[in-house]
Each structure stands twice: as C-alpha cells, then as structure tokens.
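K.L.:
Quick one: the structure is below, questions incoming.
Read-outs throughout are calculated quantities, based only on the coordinates presented, and are distinct from any laboratory measurement. Since this is a predicted model, take the numbers as computed values, not measurements. Methodologically, a virtual Cβ is constructed for each residue, glycine included, from the backbone with ideal geometry; neighbour enumeration extends over all protein chains shown.
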Amino acid sequence: MSETDSKTEEKKRSGHVSLSDGKIRLRAPEPEDLDALYSIENDTALWVVSGNAIPFSRYQLNKYIMESAHDFYTDRQIRFMIVGESDGAVLGCIDLTDIDPYNGRAEVGVALLPAYRGQGIASAALKIICNYSCFVLRLHQLFCQVPEDNEECFNLFENNGFSESGRLRDWLVNPNSYSEVILMQKFF
C-alpha cells in the first residue's frame, strides 16, 4: 500500500471522509436547489421506485429544505445534492432513507437530472456515499431495491459492490400487472 493510500485509509478510519472526488461534490440541500428538487421529485418516471404518486409543490419542497433537522437520528434520512465541483451546477441528488442506526443500515437511492445521466456521475456519487456511510455514519450496510427490468440501475449498483440478496414478488405496480424488485446489499 502506498503512503497516500495509507493516509487515505487512516482518514477514513478516523471519520474524515471527503464528500468530493474532485469532479463532483455532495452537499446539503440549499434554498436555491428548489428548481432541481422540484424537477426530480415530480419526474413521474421516478415515482415507480420512490413510492411517490403525488406531485410535490414548491412550497412543500422549500419547507423540507428549511425545516429538516439534518440529523439522521431524528429524520431517519439524509439527502445530498450532487453538484459539479467546477461550477456548482446541481446534477441530481442521492439519499439515504430508512436509516436504522441500531441495526446499522440504510436504503440508498440516486436520481440525476436527465441531462447528466449516462456520464458516470451516479457511480461517483455512490462511491462517495458508501465511504460516508461506512466511515462517518458507521453503518454496517446499504441496501437498495432495483426494478427487475432496470438493467442500467442493476449494473450501477453491482459495479459498486452491491450484490443481489433476494427478490420481492409483485412489489411494483405497472399499468397492467405487478413486477419484482431485486433487493441488493453492500456490506462494509
């Protein structure tokens, strides 16, 4: 192991994890993120995985930004905005939800604005959030639920160390039927 790798591992063990990889950065939501959040939360194509079926108003999203305790013990969730390091442009968001500090686990989900998909941004954000979850929050695992027909999403998580641990039958409603989700986990 090189001296640089050794220092990086020591920082991680001590809870000093960067929320940037030099190209993207994760940060807390700000009031100026309202338009991006509005676009993501009201993208009906994402509702199937988010479990949401009702649009959010700008008022509701602004209230969320302003009133969130930003405490994973209280909120049981943490939202990070994914922003470009060079220009600060909002690219999407990555969330930890259903945080269970006692059992050391959380569900992870990532959503990018359409213009930024397919560029490796989700993978980079996932690497950062995994390090944060392991070394700062001291979680034991992250999990996600991937629709069985979403090969791109499955590959994203599999390429970042998640593995299939089961399937939930008839989990997501489709126009004429139900479909399975693949439960994936990453252990630290």
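K.L.:
If you filter region 79-143 for chymotrypsin sites (Phe, Trp or Tyr not before Pro), then keep DSSP loop positions with at most 15 other Cβ within 10 Å, what is left? Don't skip to the end; give the middle numbers.
P.N.:
On the way: sites: PHE80, TYR102, TYR116, TYR132, PHE135, PHE143; in loops: TYR102.
Hits after loop and neighbour filter: TYR102.
K.L.:
If R0 is 22 Å, what FRET efficiency do you get for LEU46 and SER68 from their C-beta distance, rounded to 0.05?
P.N.:
0.65
K.L.:
Using the 2.2 N^0.38 Å rule of thumb for compact globular proteins, work out how region 93-188 stacks up: its C-alpha Rg over that value, please. Kindly include the intermediate steps, with their values, before the conclusion.
P.N.:
On the way: Rg = 13.7 Å, N = 96, 2.2 N^0.38 = 12.5 Å.
This ratio for region 93-188 stands at 1.10.
K.L.:
Run the quick spin-label model on ARG58 and ALA89: label points 7 Å from Cα toward the beta carbon, then report their separation in nm to one decimal.
P.N.:
The answer from the label model is 2.2 nm.
K.L.:
Sorted from fewest to most neighbouring beta carbons within 10 Å, what does the list HIS16, HIS140 look like?
P.N.:
Values: HIS16 11, HIS140 14.
Exposure proxy ranking, most exposed first: HIS16, HIS140.
K.L.:
Which one, GLY88, SER20, LEU156, is farthest towards the positive end of the dipole of region 18-187 when Lys and Arg carry +1 and Asp and Glu -1 on their Cβ?
P.N.:
The residue sitting most towards the positive pole is SER20.
K.L.:
Moving on to the next point. Reachable aspartates and glutamates from LYS63, Cα under 20 Å, same-chain residues fewer than 8 places away excluded?
P.N.:
Partners within reach: GLU30, GLU32, ASP33, ASP35, GLU41, ASP43, ASP71, ASP75, ASP95.
K.L.:
May I pose another question? Evaluate the charge dipole of the chain about its Cα centre and quote only its size in Debye, nearest 20, assuming +1 on the Cβ of each Lys and Arg and -1 on the Cβ of each Asp and Glu. Don't jump to the answer; show the numbers that get you there.
P.N.:
Working: 18 positive and 28 negative charges, 91 e Å.
Dipole about the Cα centre, nearest 20: 440 debye.
K.L.:
In deg cm²/dmol and to the nearest 500, what is the mean residue ellipticity at 222 nm of the chain if only DSSP H runs of at least 4 residues count, each as -39500 (n - 2.57), divided by the residue total? Can you show the working numbers first?
P.N.:
Values: 7 runs with 60 residues, N = 188.
It lands at -9000 deg cm²/dmol.
K.L.:
Let me ask another. Listing ILE121, ILE129, ILE54 from the residue with the fewest other Cβ atoms within 10 Å to the one with the most, what is the order?
P.N.:
Values: ILE121 20, ILE129 25, ILE54 9.
By the 10 Å Cβ count, ascending: ILE54, ILE121, ILE129.
K.L.:
Name the helices (complete DSSP H segments) of the chain with a Cα length along the long axis of 18 Å or more and a Kyte-Doolittle mean of at least 0.5, or state none. Walk me through the numbers on the way to the answer.
P.N.:
Values: long enough: 121-135 (21 Å, 1.35).
Span-like helices here: 121-135.
K.L.:
Now, a different point. What is the antiparallel percent of DSSP beta bridges lying wholly in the chain, to the nearest 5? Please list the in-between numbers first.
P.N.:
Working: 32 of 35 bridges.
That works out to approximately 90 percent antiparallel.
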